[in-house]
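Here the structure is laid out as structure tokens; the discussion comes afterwards.
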Amino acid sequence: MIDIGPLVPGLLRLRAVPGTPVTVGGLCTLEGEIPAARVHALQHLLPGVTRGEGVVETAFERHRPVEGPVPHRTRTDRDPLNRKEYLLCTLRRVGAGGEGRGPSS
């Protein structure tokens, strides 16, 4: 018999809602729902709790409103709303690679 017991606490920490496991022969399938933002963490959790035998298959089902505080991510590029900084950075980037090129060279 396959033991999914060690997997359940990890799923609950990831805010997953597991369904009822179905066991056929030596294969156990567990369907459920997990927030899309937590799928990557599940992929890292699964090998440790299944001794490397677990497989994750996901499919997007629906959008749901964000619960709790709205997620925030800092910008990884220049802010086009700060026009002066954005243009300085853009001009430097374009000018640095384009020196000595063009129709006049």
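Some points to look at:
- Members of the range 1-35 found to be in a strand (DSSP E or B) and either in contact with a helix residue (DSSP H, G or I) (Cβ under 6 Å, 6 or more places away or on another chain) or basic (Lys, Arg) (or both), listed by number: Pro18
- For the range 36-63, the set of residues classified as within 16 Å of Val17 (Cβ to Cβ), assigned to a loop (DSSP other than H, G, I, E, B) and touching a residue at least 12 places away in the same chain (Cβ under 8 Å) consists of Val56, Thr58, Phe60, Glu61, listed by residue number.
- Options Val49, Val22, Val56: the member that is open to solvent by less than 90 Å² (accessible area, probe 1.4 Å) and touching a Cys at 6+ places or on another chain (Cβ under 8 Å): Val22
- Within the range 72-84, if we keep just the residues that are open to solvent by less than 100 Å² (accessible area, probe 1.4 Å) and either touching a strand residue (DSSP E or B) at 6+ places or on another chain (Cβ under 6 Å) or at pLDDT below 80 (or both), the residue that is farthest from Ile34 (Cα to Cα) turns out to be Pro80.
The values are calculated or read from the model by the stated rules, or taken from the named source; none is laboratory data. Since the model is a prediction, treat every value here as computed from it, not as a measurement. Note: ideal-geometry Cβ built from the backbone for every residue, glycine included; neighbour counts use all protein chains shown. Each accessible area value is taken on the protein alone, full model and side chains, heavy atoms only, with ligands, DNA and RNA left out. Shrake-Rupley method; radii C 1.70, N 1.55, O 1.52, S 1.80 Å.
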